[in-house]
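Written out below as structure tokens is the structure these notes cover.
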Amino acid sequence: MAGKTKTNGKPFGISDKLGYMFGDFGNDFTFMLSSMFMMKFYTDVMGVAPAIVGALMMLARFVDAVTDVTMGQIVDRSKPTKDGKFKPWIRRMCGPLGVSAFLIFQSGFSGMPMGFKIFWMFFTYLLWGSVFYTSVNIPYGSMASAVSADPDDRAQLSTFRTIGATLASLVIGTGTPLVAYEVVDGVTVLTGSRMTVIAGVFAVCGIICHLLCFYLTTERVEVPQNTSKLNIGAMLKSIITNRSLLGIIAAAILLLLGMLGMSGMAPYVFPVYYNSGSAQSMSSLASNLAVLFICAPFAAKIAAKVGKKEMSVVSCLFGAAVWIVCLIVRPDNPMVFVAFYTVSYIGLGTFNTVIWAMITDVIDDAEVKNGVREDGTIYSVYSFARKLGQALSSGMIGGLMTMIGYSDAVAANPSAYPEVLNNIFNLSCIIPAIGLLAVALALLFIYPLTKSKVESNVAELARRRKEKR
């Protein structure tokens with residue numbers, strides 16, 4: 001059953017866009033901190049092997065296969081309240097989310113036995129990512145289609161969501177290296193106690209942002225409670241036969257491999273290979289400013305003219321080409337590497353700016369085909385795919401870093417391991433180059449929602465809703 005648009009209430013406007021922006025700002029205060037610094041924290045501060053940290057992140061995603069879809073079903077089957085169907089979950093669960101994120105970075109346990117440290121890492125990471133992050137992120141992502149039925153409004157929400165994520169990345173990626181690193185005997189090292197304080201501050205900031213999201217946004221499209229009998233077989237069949245969903249899932253996984261490959265290698269290529277924590281901060285500052293002032297203002301406008309799919313293919317190919325050139329040039333100056341990092345991020349960020357609007361296109365496409373609106377279920381499957389991409393990225397980086405011989409001994413004395421340093425640089429270029437190239441191919445050959453197809457779906461749903469009035 002398609003949702004109905006409320007006739008009363010304030011119209012869609014800047015309050016919704018800012019509120020939705022704060023929602024992803026809040027999500028990424030914990031998500032990006034974990035993506036950028038958790039492996040570095042547990043390898044360098046806690047002394048855990050990179051492969052073990054990577055294995056944890058991959059294992060957690062199998063847990064998410066259950067918790068994400070379960071939360072999607074809970075959201076779809078929950079009754080709408082006076083505040084809407086999706087927003088109440090954000091207010092309920094943002095506090096536990098912040099606390100669990102803070103618990104991950106407890107440097108006071110660095111002197112504990114290795115078995116305890118590994119247990120603590122597994123317990124807190126699963127509690128944060130598989131339980132509380134899921135309970136906030138699934139309703140938040142599903143909410144976009146309830147804020148407005150207009151595809152242009154949704155595209156604006158996608159842009160503002162990207163702005164929120166970019167601001168979080170700007171704060172975390174730029175600020176954290178300036179505070180968390182210190183130079184000891186000429187070597188740039190991560191300070192555990194500072195990371196604990198940073199995690200606490202970001203947890204509080206995340207809670208505040210989620211509450212702003214709750215109070216600033218309005219759900220206008222009434223999404224009814226799904227009361228149909230749960231048929232897992234039919235649900236799985238619907239998912240695996242939905243080409244548009246499979247295409248965006250493949251692109252999301254590969255995007256995360258490229259994007260988190262870049263951010264995941266940054267704590268190694270800058271402080272270890274280039275011996276410059278400030279260069280890592282500068283890479284985050286420059287790349288996120290590029291997203292704010294280049295990608296965010298122009299991506300939606302270009303996509304409206306040529307199509308989201310069409311624009312994204314070109315932008316990802318561009319980003320991959322930049323990394324291939326960087327691998328060949330092998331700059332000695334860290335700021336030249338920052339320049340390559342920033343230019344490639346424009347290609348990545350262009351696609352990432354519209355990807356949230358693309359998932360609402362997928363939800364529309366499924367409704368056209370099946371006649372049922374399943375925002376929560378479809379978004380939960382997509383969210384799981386993104387988490388899988390995060391896990392594969394972390395597992396891949398952890399495995400590769402162990403394979404090339406990286407350990408806390410290398411972090412303490414990099415110059416004694418020149419071969420490891422060269423391999424760190426190679427991985428920093430190769431991982432995002434392959435990831436972005438693969439994204440372009442997935443969009444080109446799997447994802448079917450061209451500009452004309454999206455416009456056709458919007459027109460068909462508008463016709464159906466008009467007939468129901």
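The values are calculated or read from the model by the stated rules, or taken from the named source; none is laboratory data. As the structure is a computational prediction, the values presented were derived from the model and not from experiment. In this analysis, Cβ positions are derived from the backbone assuming ideal geometry, glycine residues included, and neighbour counts consider all displayed protein chains. Just the protein is used for accessible areas: all its heavy atoms, side chains included, with ligands, DNA and RNA removed. Shrake-Rupley method; radii C 1.70, N 1.55, O 1.52, S 1.80 Å.
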task: Collect the residues in the range 170-183 that are under 19 Å from Ala203 (Cα atoms) and open to solvent by 10 Å² or more (accessible area, probe 1.4 Å), keeping them in residue-number order.
output: Leu170, Val171, Thr174, Gly175, Leu178, Val179
- prompt: Considering the range 440-457 alone, what residues qualify as being without any contact (Cβ under 8 Å) to a residue 60 or more places away in the chain and open to solvent by less than 60 Å² (accessible area, probe 1.4 Å)?
  reply: none
- line: For the range 307-348 the number of residues that are part of a helix (DSSP H, G or I) and over 16 Å from Leu289 (Cβ atoms) is 25
- prompt: Which of the residues that make up the range 396-413 are touching a Leu at 6+ places or on another chain (Cβ under 9 Å) and surrounded by fewer than 22 Cβ atoms within 10 Å (Cβ to Cβ)?
  reply: Met396, Leu400, Ile404, Val410, Ala411
- prompt: Which ones in the range 354-380 are of a type outside the set (Gly, Ala, Ser), closer than 23 Å to Val66 by Cβ and open to solvent by less than 20 Å² (accessible area, probe 1.4 Å)?
  reply: Ile359, Val362, Ile363, Asp375, Thr377, Ile378, Tyr379
query: Limited to the range 296-308, what total is found for residues that are modelled with pLDDT of 90 or more and within 19 Å of the chain's Cα centre (by Cα)?
result: 1
- line: In the range 48-85, anything basic (Lys, Arg), over 16 Å from Ser394 (Cα atoms) and either part of a helix (DSSP H, G or I) or open to solvent by less than 60 Å² (accessible area, probe 1.4 Å) (or both) is listed as Arg77, Lys85
task: With the condition kept exactly as written, say whether any residue in the range 449-456 is of a type in the set (A, V, I, L, M, F, W, C) and more than 16 Å from Ala252 (Cβ to Cβ).
output: yes
query: Residue check, Leu103 against (1) under 25 Å from Thr174 (Cβ atoms); (2) out of contact with any Leu (no Cβ under 6 Å at 6 or more places or on another chain); (3) surrounded by 21 or more Cβ atoms within 10 Å (Cβ to Cβ), all met but one. Which one?
result: (3)
task: Consider Val204 carefully, then state whether it is surrounded by fewer than 18 Cβ atoms within 10 Å (Cβ to Cβ) and within 18 Å of Ser107 (Cα to Cα).
output: no
query: open to solvent by 20 Å² or more (accessible area, probe 1.4 Å) and free of Cβ contacts under 8 Å to residues at least 24 places away in the same chain: does that describe Phe12?
result: no
